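Before any comments, here is the structure.
Laboratory data are not the source of any read-out in this text; all were calculated from the coordinates shown. None of these values were measured; they are calculated from a predicted model. As a convention, Cβ positions derive from the backbone with ideal geometry for all residues, glycine included, and neighbour counts pool all protein chains shown.
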Amino acid sequence: ASFALKGELFCKGYRDLPVDENPRTKGRGRSWGAQFLVRKFNGNPKGWLSVTYLRSFRSADTTLREYRSDYDTPLIFSLVSQSYLGKGFSLGVKLRYATGRPYTPVTGARFESGGWVPLYGEINSSRYPYYLRADMRLTRFSTLRGYPFILFLELLNVTNRRNVVAWTYSEDYSERKPVVYFSFMPVLGFVLIF
């Protein structure tokens, strides 16, 4: 077969989850979603495409108030493709999109005991911007003195998108700056098998 189609629905409950720093506080959680995957095995190009819908929530046994878990990512999209170009060359492409992860926002600050202390909003009530990353890889397969030799050039984050993973704050928490994954990065490498 040249193609495969796979679909999954999932639903799971959790008990006795750690909450904060207190080992006596137990949390509960639930998550559900669906994943669909299409895979192409033969021909040119080969690869796969997946789409995932995921919801995940937590609550502490002291309040039973439910909030988004750190893993609540409603939409995840992945595409991986590889094409053989001839004469030992192949070109691979990876594309990934995901809804921004939840985080607990800083809503203000107060001065206390000689320093600023942040004031927080509702747990995981905000989201980071969406994540988007595209990578490309050109590979050359050959031999070196009879041993398999692979030479590759990889271009990571070709769109140079600034994917935010956290925030850093000024001393009084009045200003914030993004902490980002790496920007565009070329990588040249080789593999020699002997």
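Below, the figures for the structure above:
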{"read-out": "Calculated P(r) tail over 17 Å for the range 102-169, as whole % of Cα pairs", "value": "67 percent"}
{"read-out": "Isotropically averaged projected area of the chain, using the convex hull of Cα atoms (one quarter of hull area), nm²", "value": "16.8 nm²"}
{"read-out": "DSSP loop trypsin sites (Lys or Arg not before Pro) with at most 16 other Cβ within 10 Å: longest gap in the chain", "value": "1-64"}
{"read-out": "Two-site label geometry, Leu144 and Tyr130: point separation in nm, points 7 Å out along Cα→Cβ", "value": "4.2 nm"}
{"read-out": "About the Cα centre, charge dipole magnitude for the chain (Lys/Arg +1, Asp/Glu -1 at Cβ), debye", "value": "960 debye"}
{"read-out": "Exposure rule at most 10 other beta-carbon atoms within 10 Å, DSSP loop GluC sites (Glu not before Pro): the chain longest free segment", "value": "22-170"}
{"read-out": "Length gained when the stretch Leu79-Glu8 is fully extended (0.36 nm per residue, less Cα-Cα span)", "value": "23.8 nm"}
{"read-out": "P(r) of the range 79-194 over all Cα-Cα pairs, binned every 10 Å from zero, in whole percent", "value": "12, 27, 22, 17, 12, 8, 2, 0"}
{"read-out": "Net charge of neighbours whose Cβ lies under 14 Å from the Cβ of Ala4, counting Lys and Arg as +1 and Asp and Glu as -1", "value": "+3"}
{"read-out": "Dipole axis of the range 119-181 (+1 Lys, Arg; -1 Asp, Glu on Cβ), positive-most option in Asn124, Pro178, Leu156", "value": "Leu156"}
